[in-house]
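The next block holds one structure in the form of structure tokens; read it before the comments.
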Amino acid sequence: MDYYTLVFGSILVLAILCNIIAKICSKGSKKLPPGPSPWPIIGNLHLLGAKPHISLANLAKNYGPIMSLKLGQITTVVISSSTIAKQVLKTQDQAFSSRFVPNALQAHNHYKFSVGWLPVCPQWRTLRRILNINIFSPNRLDANQHLRSQKVKELIAYCDKFSQQGEALDVGQVAFKTNLNLLSNTLFSKDLADPFSDSKVELKEVIWGVMAEVGKPNLVDFFPILEKIDLQGIRRRAIIHFGPIWWGY
């Protein structure tokens, strides 16, 4: 018992020393907004509670509309003022436009080719220009209007068929197929799901699986040092969801 106590105590002391050294090294190098003093290792994670939005609102009353928190190893700036948010999102948009990529979304490195996750860089500008010119321009959207109208008509016909037969209709599955086909026709001019088929839509399960994994609190996002270990297995399951089934469509 004394051995385990000694080991635990040594680890705790080492963590505290590392935290103190990190503070000394970062002192004067970063001008951060005011915020609560972080605890060793966990930082300010304990202050978030079960309802982080309420906890952050209460913290803002003490530390102001812009404050800094240490969430594990990650330094986070929280803004709760519409005026300051406007400065960040509009006036200084390029400086703050890059997004934090959750570890789960880094599976297979898809994020390196995504407009939604890439930082502002030549590759991002090229992809955005391609989307604006070839897919989302007003002329392109108007040209594909007949495809979207056709998908809506198919949805109405499908619902009418079940209504005449007096059968129950899975609204969630039908809505998913319609939205999927609306998007796929805009991008590829092709359906990815048969609107009149009762078969299970595997892509829906994949998307829901990805959303479930990304939505889970992941220790790796707060402690990048644990990335190789993946204690919760979130990255491992995300890799499966992003695997062959995804590209099967």
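The values are calculated or read from the model by the stated rules, or taken from the named source; none is laboratory data. Quick caveat: nothing in here was measured; it's all calculated off a predicted structure. Note that we place each Cβ from the backbone using ideal geometry, even for glycine, and neighbour counts take in every protein chain shown.
So, in the stretch 123-146, exactly how many residues are part of a loop (DSSP other than H, G, I, E, B) and exposed (fewer than 13 other Cβ atoms within 10 Å of the Cβ)?
Taking the stretch 123-146 and keeping what is part of a loop (DSSP other than H, G, I, E, B), we get 135-137, 144.
With exposed (fewer than 13 other Cβ atoms within 10 Å of the Cβ) added as a condition, the list becomes 135-137.
So the count comes out to 3.
Taking the stretch 64-75 on its own, how many of its residues are assigned to a strand (DSSP E or B) and either farther than 30 Å from PHE242 by Cα or modelled with pLDDT under 85 (or both)? Show your work before the answer.
Of the stretch 64-75, the ones assigned to a strand (DSSP E or B) are 66-71, 74-75.
Those still in the list that are either farther than 30 Å from PHE242 by Cα or modelled with pLDDT under 85 (or both) too: 66-70.
Number of matching residues: 5.
Do the conditions hold for GLY43, that is, is it modelled with pLDDT of 90 or more and either under 26 Å from ILE225 (Cα atoms) or surrounded by 12 or more Cβ atoms within 10 Å (Cβ to Cβ) (or both)?
Numbers: modelled with pLDDT of 90 or more: yes; either under 26 Å from ILE225 (Cα atoms) or surrounded by 12 or more Cβ atoms within 10 Å (Cβ to Cβ) (or both): yes.
Here the answer is yes, as GLY43 does meet what is asked.
Do you know which of the residues in the stretch 76-122 that are in a helix (DSSP H, G or I), at negative phi and in contact with a helix residue (DSSP H, G or I) (Cβ under 7 Å, 6 or more places away or on another chain) is surrounded by the most Cβ atoms within 10 Å (Cβ to Cβ)? Checking each candidate, the answer is ALA104.
May I ask you to list the residues in the stretch 121-157 that are β-branched (Val, Ile, Thr) and in contact with a Leu (Cβ under 9 Å, 6 or more places away or on another chain)? Full working, then the answer.
Taking the stretch 121-157 as the starting set, the residues that turn out to be β-branched (Val, Ile, Thr) are 126, 130, 133, 135, 152, 156.
ILE135, VAL152 - these are the residues of the stretch 121-157 that are β-branched (Val, Ile, Thr) and in contact with a Leu (Cβ under 9 Å, 6 or more places away or on another chain).
The residue that is farthest from GLN106 (Cα to Cα), counting only those in the stretch 231-247 that are modelled with pLDDT under 90, outside any helix (DSSP H, G or I) and touching a helix residue (DSSP H, G or I) at 6+ places or on another chain (Cβ under 7 Å), is LEU231.
Looking across the stretch 159-198, the residues that are surrounded by 13 or more Cβ atoms within 10 Å (Cβ to Cβ) and in a loop (DSSP other than H, G, I, E, B) come down to LEU169, ASP191, LEU192, ALA193, PRO195.
Yes/no matrix, rows are residues, columns are (1) within 27 Å of SER37 (Cα to Cα); (2) touching a residue at least 12 places away in the same chain (Cβ under 8 Å):
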site	(1), (2)
THR76	yes, no
LEU105	no, yes
TRP124	no, no
ILE130	no, no
SER149	no, no
